[in-house]
Amino acid sequence: MTTTFVDVPLTTHATDVVKFFCNLIHEVLEQEKVTELYKSLVALVETNLPRLVEQILSKHETVLGLSKVSEVQSFFQSLVVLIIRLPANQIAECVTKYCTAITSSSKNAELRLKTLTILFNFIESGNSARAEIFQNLVVYSSKNELVDSVSPYFKFVHDWCRSWGFNKVESRKIFKVIFEAIQSTKLYSNSYLDAVVAYLKTYEGEKNQEEAFPVARFACVHAITLDSVVQFDNICDLSVVQALKSSKVKDDKNVYDLLTIFASQTYSDFEAFRKTNPQVFSQLGLDVGKCQNKMRLLTLATLAVGVNEITYEQVKEALQIEMDQVELWVIRAIYAKLITGKLSQLEQVITVSSCSRRAGKEVEWEALQQKVEAVRSNMHSLLEVIQRARSQVERPY
């Protein structure tokens, strides 16, 4: 059964929702009970629509347990459309009851999450009731290991908070819920990291940032762990992350020092840190071998900045590897899109076409400027040669 509500009077709409509901539960209830329920619900259509919604939601367990899943979803869609047609104060009341009912159990968790998503998507974007629904979505998904189902929403949260008129503190509460959900997954992804960085940005300009140190530490570890993260500016520049170096907690300072190595230093710096602080990696939950691999690739990218060629010997020394491993690491760097270029086994050099910058720091911009100046100088010399050649050509008259 599919129902479309276009310019239908509210009471007619409500009656259709009641009919839809009763037709659905007829699958599990005797006809006599369905008829009795229908009469009691129809009586509320003209008198108390919020009460009608509440009564229907009280039977949500029955509806969510039905076999016709597509019809169940269609029913909740029709119920949500009824809710959003109510006066604003009644919408808020019904939203709370809807969220409470749907999140009351983990049975049929995926279907419950979908019904919450229906409510979230139908509520107008600027309505602050969406914030309540979204928090329920995130918390429920976290409890039922379904965070990936709602993570695509995370990138929109900053804009939503603005549309809801939230200040920093109110926005921070939303991001905290997201952070706790992400933390519960024990997984790493770029979208998760972006959400955590957005959370930390709510502390910019705040004097007391210590409460955010665990989050900042988590962001640092997350960035270090992800192979796809090769630029760390957006994390290093956060005032909360900067504050870690002055923290009284040793793990905070250690993770900051390690982050700065990954951001702009080399494999030899990493090894010096590792040998001095061997316990740090296990304390932070980092895999030493994976960290070493990533630092070797980042170091190779740094070697390629501002040069046209790198020798095999330079790679061997910088990455602290054997000569027969050089080509393997260069190929890995090319595959990771950190550098583009060609290998010459005969000449034992790598010709560099381009490379990924690790950070927008002055040293790398200076290298780029030097390359531009070199090209400019070469062009100027070429023009002088052409002009001299032209001046020596005999005129035909």
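The values are calculated or read from the model by the stated rules, or taken from the named source; none is laboratory data. Please read these numbers as outputs of a predicted model, since none were measured by experiment. Here the Cβ is made from the backbone with ideal geometry for all residues, glycine too, and neighbour counts use every protein chain on show. Protein only, heavy atoms only, side chains kept; ligands, DNA and RNA dropped before computing areas. Shrake-Rupley method; radii C 1.70, N 1.55, O 1.52, S 1.80 Å.
Numbers at a glance
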quantity	calculated
Helices (runs of 4 or more DSSP H) fully within the range 98-201 counting 3 or more residues that are of a type in the set (K, R)	168-185
Within the range 258-280, tally of residues that are assigned to a loop (DSSP other than H, G, I, E, B), hydroxyl-bearing (S, T, Y) and either exposed (fewer than 14 other Cβ atoms within 10 Å of the Cβ) or free of Cβ contacts under 8 Å to residues at least 40 places away in the same chain (or both)	0
Checklist (1) assigned to a helix (DSSP H, G or I); (2) open to solvent by less than 10 Å² (accessible area, probe 1.4 Å) applied to Q283, failing item	(2)
Any chance V255 is of a type outside the set (S, T, Y), open to solvent by less than 60 Å² (accessible area, probe 1.4 Å) and within 19 Å of the chain's Cα centre (by Cα)	no
Which numbered condition I91 misses (of (1) more than 19 Å from the chain's Cα centre (by Cα); (2) surrounded by 21 or more Cβ atoms within 10 Å (Cβ to Cβ))	(2)
When residues of the range 304-320 are limited to those that are in contact with a helix residue (DSSP H, G or I) (Cβ under 7 Å, 6 or more places away or on another chain) and closer than 14 Å to D269 by Cα, the one surrounded by the fewest Cβ atoms within 10 Å (Cβ to Cβ)	Q320
The range 288-305 residues that are over 11 Å from F262 (Cα atoms), paired with ones that are among the small types (G, A, S) (beta carbon under 7 Å, 6 or more apart)	L300/A333; A301/A333; A301/S356; L303/A318; V305/A367
Residue, most open to solvent (accessible area, probe 1.4 Å), within the range 180-205, restricted to residues that are under 16 Å from Q242 (Cα atoms), of a type outside the set (S, T, Y) and under 15 Å from the mean Cα position of the chain (by Cα)	K201
Residue selected from the range 219-238 under the condition open to solvent by less than 10 Å² (accessible area, probe 1.4 Å) and of a type in the set (G, A, S), by the criterion farthest from L338 (Cα to Cα)	A219
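For (1) farther than 28 Å from K186 by Cα; (2) at pLDDT below 95; (3) of a type in the set (S, T, Y), each residue gets a yes or a no:
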site: V69; (1), (2), (3): yes, yes, no
site: F75; (1), (2), (3): yes, no, no
site: I118; (1), (2), (3): no, no, no
site: N127; (1), (2), (3): yes, yes, no
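Residue-by-condition table, conditions (1) basic (K, R); (2) modelled with pLDDT under 95; (3) open to solvent by 20 Å² or more (accessible area, probe 1.4 Å):
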{"position": "L137", "(1), (2), (3)": "no, no, no"}
{"position": "S163", "(1), (2), (3)": "no, yes, yes"}
{"position": "K207", "(1), (2), (3)": "yes, yes, yes"}
{"position": "R217", "(1), (2), (3)": "yes, no, yes"}
{"position": "V240", "(1), (2), (3)": "no, no, no"}
